[in-house]
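The values are calculated or read from the model by the stated rules, or taken from the named source; none is laboratory data. For clarity, every value in this text was computed on a predicted model and none was experimentally measured. So basically every Cβ, Gly included, is an ideal-geometry build from the backbone, and we count neighbours across all protein chains shown. Side chains included, ligands, DNA and RNA excluded: accessible areas come from the protein's heavy atoms. Shrake-Rupley method; radii C 1.70, N 1.55, O 1.52, S 1.80 Å.
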Amino acid sequence: MTQEIAMLHDMTRCTACRGCMVACKQWHDLPPDMSTPFEGQYQSHKDLTSTVYTLIEMKERVDDKGKFHWDFFKKNCFHCGDPACAKGCPENAIDRNENGTVVINQDKCVGCHYCEHNCPWHIPKIDDVKHKSYKCDLCYDRIAHGYETTGEVLKPACAKTCTAHALEFGTLEEMKQLAAERVDLARASHPDANIYSPSGVGGTHMIYVLPEKPEVFGLPANPVTPLSIDLWKAGRAFTKLAIGGAAAGIVGAMVLSKMMKSGKSTAKEQEKG
């Protein structure tokens with residue numbers, strides 16, 4: 001049985017060096033973004049894009065005691081256990097692999113935006129030229145290649161390059177245990193430190209140690225994968241089937257009508273003969 005894997009981002013250790021962003025670009029051979037205007041802040045990009053799969057968000061904050069904080073949050077796909085993006089994809093172009101990674105099949109993707117709209121964090125981004133959706137894939141190809149060639153799982157490129165040990169990678173159980181240990185350490189200086197891996201989306205394979213409550217960082221506290229997505233998709237499939245059946249009926253009626261007309265013409269010709 002394939003083990004589920006996960007990555008941990010410990011915000012209390014992140015230095016915002018952005019080495020993870022560079023490593024991600026290099027591994028996926030992504031082009032530079034040429035339209036990143038300066039907006040008076042240190043953050044390199046305003047948001048994720050179709051060529052930026054991971055982003056260090058940098059926010060200034062003053063707490064209720066008047067203390068200043070720099071918050072560094074690594075934004076990328078959460079790789080949900082019950083991914084809304086996959087459930088809401090009308091083309092079945094998004095797969096949740098046995099190891100927990102959620103990957104977009106570009107051959108099937110049509111760039112419909114449903115994945116982006118259904119994701120609680122709006123992670124997937126559409127390339128309006130290619131009409132394809134893109135996001136972090138947790139370097140699933142690195143992981144698979146490493147295991148096939150060495151029998152060991154290679155770390156995702158971002159985790160491999162993190163020198164502050166803010167990013168860690170391993171099995172899901174290992175990362176859950178490490179997250180619990182990191183939270184205990186963080187609470188000495190951050191009483192509200194917590195683990196962010198919402199159960200409403202089936203848990204995530206991108207786990208965070210947050211120094212404050214999720215809302216402080218603009219994160220939904222209890223995101224869910226709504227049942228309505230399943231109902232919508234089932235209804236859409238039924239509609240397709242109904243339309244297909246109606247179209248087949250119309251074609252069949254036209255063929256039958258043509259055959260009947262042809263038969264009548266033949267009968268008349270026989271009578272004349």
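Of all residues in region 61-82, those satisfying the criterion of being under 10 Å from Met206 (Cβ atoms) and assigned to a loop (DSSP other than H, G, I, E, B) are Asn76, Cys77, Phe78, His79.
Considering only region 1-12, how many residues are farther than 19 Å from Val103 by Cα and open to solvent by less than 30 Å² (accessible area, probe 1.4 Å)?
3
Condition first: more than 16 Å from the chain's Cα centre (by Cα) and open to solvent by 40 Å² or more (accessible area, probe 1.4 Å). Now tell me which residues in region 64-116 satisfy that. Across region 64-116, the qualifying residues are Asp64, Lys65, Gly66, Lys67, Phe68, Trp70, Asp107.
Filtered by the rule that a residue be polar (S, T, N, Q) and open to solvent by 30 Å² or more (accessible area, probe 1.4 Å), region 36-50 gives Thr36, Gln41, Ser44, Thr49. Got at least one residue in region 228-237 being open to solvent by less than 40 Å² (accessible area, probe 1.4 Å) and modelled with pLDDT of 95 or more? No, that holds for no residue.
Take the residues in region 18-30 that are in a loop (DSSP other than H, G, I, E, B) and open to solvent by 60 Å² or more (accessible area, probe 1.4 Å); name whichever of them is farthest from Gln177 (Cα to Cα). So, considering only residues that are in a loop (DSSP other than H, G, I, E, B) and open to solvent by 60 Å² or more (accessible area, probe 1.4 Å), the one farthest from Gln177 (Cα to Cα) is Asp29.
For the subset of region 194-218 comprising residues that are assigned to a strand (DSSP E or B) and open to solvent by less than 10 Å² (accessible area, probe 1.4 Å), which member is nearest to His69 (Cα to Cα)?
The selected residue is Leu210.
Out of curiosity, is Asp33 among the acidic types (Asp, Glu), exposed (fewer than 15 other Cβ atoms within 10 Å of the Cβ) and at pLDDT 90 or above?
Taking the combined requirement at face value, the residue does not satisfy it.
For region 99-117, the criterion of being of a type in the set (Asp, Glu) and within 23 Å of Met21 (Cβ to Cβ) is satisfied by at least one residue. For Glu60, indicate whether it is surrounded by fewer than 16 Cβ atoms within 10 Å (Cβ to Cβ) and more than 20 Å from Arg18 (Cα to Cα). No, not satisfied. Filtering His131, His145 for residues that are open to solvent by 60 Å² or more (accessible area, probe 1.4 Å) and on the phi > 0 side of the Ramachandran plot leaves a single hit, His131.
Note on region 179-193: among residues that are of a type outside the set (Lys, Arg) and open to solvent by less than 40 Å² (accessible area, probe 1.4 Å), the one that is nearest to the chain's Cα centre (by Cα) is Ala179. Filtering region 196-216 to residues that are within 19 Å of the chain's Cα centre (by Cα) and hydrophobic (A, V, I, L, M, F, W, C) leaves Val201, Met206, Ile207. Thr15 meets each of the listed conditions (1) in a loop (DSSP other than H, G, I, E, B); (2) farther than 28 Å from Glu173 by Cα; (3) open to solvent by 70 Å² or more (accessible area, probe 1.4 Å) apart from (2).
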